[in-house]
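Below you'll find the structure, written out as structure tokens, and then a few comments.
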Amino acid sequence: MSQDFCKQICYTVLVMTKKTDKKLTFFSLFAGAGGLDIGFKAAGFESLGASDIMLDSEKMFKLNWPNEPFIREDVRKLSAKEILKITKGVRPDIIIGGPPCQGFSIMGDKNSSDPRNTLFEAYVRIVDELKPTCFVFENVKGFKTMFGGIFFKKAANSFALLGYDIYVKILNAADYGVPQKRERVVLVGTRKNYSYQYPQKSESGIGGIESYKNVEEAIMDLVGKSDDFPNHISLNHGDKVLERYRLIPEGGRLPSPEDLPLEIRRKNFGNTYTRLHRKKFSPTMVPGNNAFPVHPTLDRSLTPREAARLQTFPDNVIFTGTRKTQCVLVGNAVPVLLGTHIAKSIKSHLKEKNSFKKIDLLIGKNEQLPLNLPEDESNLKKDDKKLTFVDLFSGAGGISIGLINAGMKPILCSDKDKYVAATHRHNFPQIPFIEGDLSKLEIEETIIKTIGKTEVDFLVGGPPCQGFSIFGERRFLNTQNREYNPYKEPRNKLVHVYLNYIKKIRPKWFLMENVPGFASLDDSFFLKSLLREINKLGYKNHEWKIINTAEYGVPQQRKRFILIGNRIGNIIPWPKAKFFAKPEDWQNSFRTVGEVISDLSEEKSYKKFKNHEPMNHSQHLVDRFSFIEEGKKMDLSKLPNHLKKAMHTGKTIKNYSHVYKRLDRNKPSTTLVPGHSAFPIHPTLNRNITVREGARIQTFPDNIEFLGPRSEQFRQVGNAFPVLAAEYIGNFIIKAINNDWKKENISELAHYSLIDTPRNLTKTELV
């Protein structure tokens, strides 16, 4: 055998070996604590990098995997160009990741308007730009069915149009060696022309990732070893918490609040007062400092390390940040061993051509799922069971959208404004809309005729509020410079028009919203008069409250007067606040402006989104804006003299209105008021926010388009009731009706975990 021939054989073997040994690569989106990443690396994949918006995620990656590139960026701003820069031009074979799931989680508030619900669109865009062979998209089980499955279907359709076969299956981590019942929707897309098969159930570990049969196997060796393991620090619980823990049996829950001693009751117990059982699986880990369950044998909640074990994280993976941050990172993660099994199945799919039946195939390449279910008999019957509502003084439809999202069925909407009518008919062509003055007899007759014999469960409406608003003519009450008589203001009489419709329609429930000033104007004269009339109409169960919509997930400090009543005897179910200005460890902080409009700041977004054209401010105004600091009002002392003068008259302006206020990215917006120049200034750009940005702050979905001149679009958005707040209220009205919440049969549990305790109105208020 010649020497050259031997060299040729050796070279061929070397080349073949290199090809065989070449690792498949992946890039991770929404990386979090890296649970899915570790799983893929354990299965033999090579990481090209990861991305997440969380600073603590970046810190954790840099500590544990310092050589792995990481991009801390809002995924909506992340581009393929940025990714390819850190991967040195290498396109990943697989993209993995799971967008935030709070809007779809059964443990959350199931908010259809949560902006995180549409983050899948950014995932789709990046897949389109990078064109990996496969991708893995995971989310909570509810993603597939919540809100009629609309977001799930849109995601699947979007991926299919990119040329991917789309597979879907709900996997339970407990079936793969994870000591935790944790169900996840796992959507896999592949460009290969042969089928993909999900991993078979297995209790074995893979690639050094250990499996556990139960809680005992996973964590009981950690007892008394706080100094030996990272992140193994327990909370110092207070005496009341310890007393509650002692009452929880192994594998059981805390007794109902009404069965607890008064001294250890709390307004909201949530779902965290559950003790693990050593011989069983853990329930699903959820993020939060106080959200982890109670140790099987010790009177304390789990440490981050114990929770990480239940998520099958190796002990050498260190979680950074505060203890609360560590708990969030652990609780949000994909169990590592589940990720490993998924990765192994993807590897087999890519390396070995197979002949599996396409059992879990959802849709093929370029196919589409119908977004609306067929109008068959079963669906019609289901729709008939929905609670019905009529929306008067509807405006652009903020309340209507919220109630529809909550599961109610609209019968009719009405408003006198022609631009509102155009907006409404454009967005909701299927909903009858009556345009006209609601105080006119002919409009009243048309509305009554349109409703016909349909029973109205819920009548809602917000009569114009300008006469009661402190921003309107009311500010001149009792002033010497200008006279304002609230009894001569015609718009103030529209409250009685609304009362007339309650009388004519006789809904089971009603809701009236207005500005807070309605409750106090002229020593509450208007409110007291309204309550007297409500009693006369037979609506004995009624309550009013001033709510702050920021407490219900709206990124805006917007206070509204709400009056709710019914004639069927149910209590008034005021939903408890879900978001807080100064949250405790287990609570959510107010949502911020930055959360909802940060992706709208780039110029390329102006054409992409409807109603998102910035105003053409004069240079004089732009210069004036530039002197306003983020989160602050205009400081006249900081303005150059030439900017203190009005452009047209040249006179020095001594007073600037409240609109000269720049929003703060890290806080909720101030109350939006109608008017194209009344909207506040963008947090970072020297311009007023756009109609679309205002709509985001009002929690309108992006598919809602506002018609009419731009000044009218601003007015429609500024006058609207926030969609998300309406959805919260609608959800609780439905609960009150379906569960027959009356004083005699409602459990005290509801007052501790779901609703605010009803407040008895004073005699003075009723007189």
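The values are calculated or read from the model by the stated rules, or taken from the named source; none is laboratory data. Keep in mind that what you see is a predicted model, and the values were worked out from it rather than measured. We place every Cβ from the backbone using ideal geometry, glycine too, and count neighbours over all the protein chains shown.
Selection within the stretch 329-359: residues that are touching a helix residue (DSSP H, G or I) at 6+ places or on another chain (Cβ under 8 Å) and part of a loop (DSSP other than H, G, I, E, B). The member of this set that is surrounded by the fewest Cβ atoms within 10 Å (Cβ to Cβ) is Asn354.
Would you say Val241 is farther than 12 Å from Ser301 by Cβ and among the hydrophobic types (A, V, I, L, M, F, W, C)? When the stated conditions are applied, Val241 does not pass them. Of the listed requirements (1) surrounded by fewer than 19 Cβ atoms within 10 Å (Cβ to Cβ); (2) in contact (Cβ under 8 Å) with a residue 24 or more places away in the chain, Ser520 misses just one: (2).
Answer yes or no as to whether Glu183 is crowded, with 22+ Cβ neighbours inside 10 Å and within 21 Å of Gly339 (Cβ to Cβ). So Glu183 does not fit the description; no. From the list Lys279, Lys240, Lys225, Lys213, the lone residue that is modelled with pLDDT under 95 and either closer than 30 Å to Lys169 by Cα or assigned by TED's automatic domain parsing to the domain that holds Pro99 (or both) is Lys213. Checking each residue in the stretch 211-236 for being in a loop (DSSP other than H, G, I, E, B), crowded, with 16+ Cβ neighbours inside 10 Å and in contact with a helix residue (DSSP H, G or I) (Cβ under 8 Å, 6 or more places away or on another chain) picks out Ser211, Tyr212, Phe229, Asn231, His232, Leu235. Among the residues making up the stretch 593-618, those that are assigned to a helix (DSSP H, G or I) and within 15 Å of Asn688 (Cβ to Cβ) are Val593, Ile597, Leu600, Tyr606. Tell me, which residue of the stretch 75-93 that is in contact with a Phe, Trp or Tyr (Cβ under 8 Å, 6 or more places away or on another chain) and more than 20 Å from Ser57 (Cα to Cα) is surrounded by the fewest Cβ atoms within 10 Å (Cβ to Cβ)? Only one residue fits best here, namely Asp93. Selection over the stretch 583-597 of residues that are in contact with a strand residue (DSSP E or B) (Cβ under 9 Å, 6 or more places away or on another chain) and at pLDDT below 90 gives a count of 4. Answer yes if at least one residue in the stretch 41-49 is closer than 15 Å to Ile318 by Cβ and modelled with pLDDT of 95 or more, and no otherwise. Within the stretch 41-49 (the criterion being closer than 15 Å to Ile318 by Cβ and modelled with pLDDT of 95 or more), the answer is no, since none of the residues qualifies. Filter the stretch 38-74 down to residues that are over 29 Å from Ser348 (Cα atoms), aliphatic (A, V, I, L, M) and in contact with a Phe, Trp or Tyr (Cβ under 8 Å, 6 or more places away or on another chain), then give me how many there are. Qualifying residue count, the stretch 38-74: 1. Give the residue that is surrounded by the fewest Cβ atoms within 10 Å (Cβ to Cβ), with candidates limited to residues of the stretch 384-420 that are in contact (Cβ under 8 Å) with a residue 60 or more places away in the chain and part of a strand (DSSP E or B). If we take residues in the stretch 384-420 being in contact (Cβ under 8 Å) with a residue 60 or more places away in the chain and part of a strand (DSSP E or B), then Thr388 is surrounded by the fewest Cβ atoms within 10 Å (Cβ to Cβ).
When the stretch 156-174 is filtered for residues that are assigned to a strand (DSSP E or B) and without any contact (Cβ under 8 Å) to a residue 60 or more places away in the chain, the ones remaining, listed by number, are Ile170, Asn172. When the stretch 319-349 is filtered for residues that are in the same structural domain as Arg182 (by TED's automatic domain parsing) and either in contact with a His (Cβ under 9 Å, 6 or more places away or on another chain) or over 19 Å from Pro179 (Cβ atoms) (or both), the ones remaining, listed by number, are Ala343, Lys344, Ser345, Ile346, Lys347, Ser348, His349. Determine which single condition Ile9 fails, assuming it passes every other condition in (1) at pLDDT 95 or above; (2) part of a helix (DSSP H, G or I). The one condition Ile9 does not meet is (1). Among the residues of the stretch 227-265, the one identified as farther than 25 Å from Asn214 by Cα and among the hydroxyl-bearing types (Ser, Thr, Tyr) is Ser256.
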